[in-house]
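None of the figures in this text is laboratory data; all of them are computed from the coordinates on show. As the structure is a prediction and not an experimental result, all values here were calculated from the model. FYI the Cβ positions are ideal-geometry reconstructions off the backbone, even for glycines, and counts take in every protein chain you see.
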Amino acid sequence: MNTGVLAIWNDCLSEVEAEYEHWYMNQHFPERLGVPGFRIGRRYEAVSAEPRYFTFYDTETPEVLWSEAYVTRLNDPTPETASIMKSFRNMSRTVCRRVSHIGDIVAGHAVVAQLPHLPHDAARIQVAVMDKTGVTGTESWQQVDVPNEGTTNESQYRDGPDQKIGAAIVFHVMREQDALVATDALSAALDNDARIGAYQLLCERRSET
């Protein structure tokens, strides 16, 4: 199991959406998955959630996300990246460790709870929601402290400092209606400080190495 996760949420200014999508699919996704240790990237769009976009990368370990190769990329953005980053809004970016993983099927939707910390009964909650129709898997993530973390050249183009989560619980769900049911079940099981949303999978890219 890959133990590193880079969890990202963001909006994008509507007037540059076409450029944003072209950049993401033709430059940014291939570039990130070309960094040693990056294994899988998945992009989602909101069904019932804010911000609009949710992206996460699986890495071999959390340490990949402060490796020299990755930090070098962050500090040497392409002109296109520098331009597109100016259109990002409501950016949340957190390096995490995958704490748990149940099920091997990644489905067409994801229900995600952004949390200040993992609840003590997270495992019980995950098992309960897994019983809902159409739920194929679940995983939990915990924020990792990044050594010597600072502002990168790339992040300086974004609108203000990035937000962070403390933890997340993710459910992979087949259909939109099932995702909305799972969202309600998760909302009932968690405290009000959880931020829960349903997303549809846009695409997945895997490392070629």
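Counted by neighbouring Cβ atoms within 10 Å, the residues ARG195, ARG89 run from fewest to most as ARG89, ARG195. Applying both filters, DSSP loop and at most 10 other Cβ atoms within 10 Å, to the GluC sites (Glu not before Pro) of the range 164-209 gives GLU208.
Compute the acute angle (0 to 90°) between the alpha-carbon long axis of helix 176-189 and the principal axis of greatest extent of the alpha-carbon atoms of the chain; round to the nearest 10°. The angle comes out at about 70 degrees.
Dividing the helix sum by the residues of the chain, where each DSSP H run of 4 or more adds -39500 (n - 2.57), gives a mean residue ellipticity at 222 nm of -6500 deg cm²/dmol. With Cα atoms defining each centre, the range 136-157 and the range 161-209 are spaced 17 Å apart in the structure.
Among CYS12, CYS203, CYS96, the ranking by other beta carbons within 10 Å of each residue's beta carbon, starting with the fewest, stands as CYS203, CYS12, CYS96. From the Kirkwood radius over Cα pairs of the chain, Stokes-Einstein at 37 °C and 0.692 mPa s returns a whole-number translational diffusion coefficient of 189 µm²/s.
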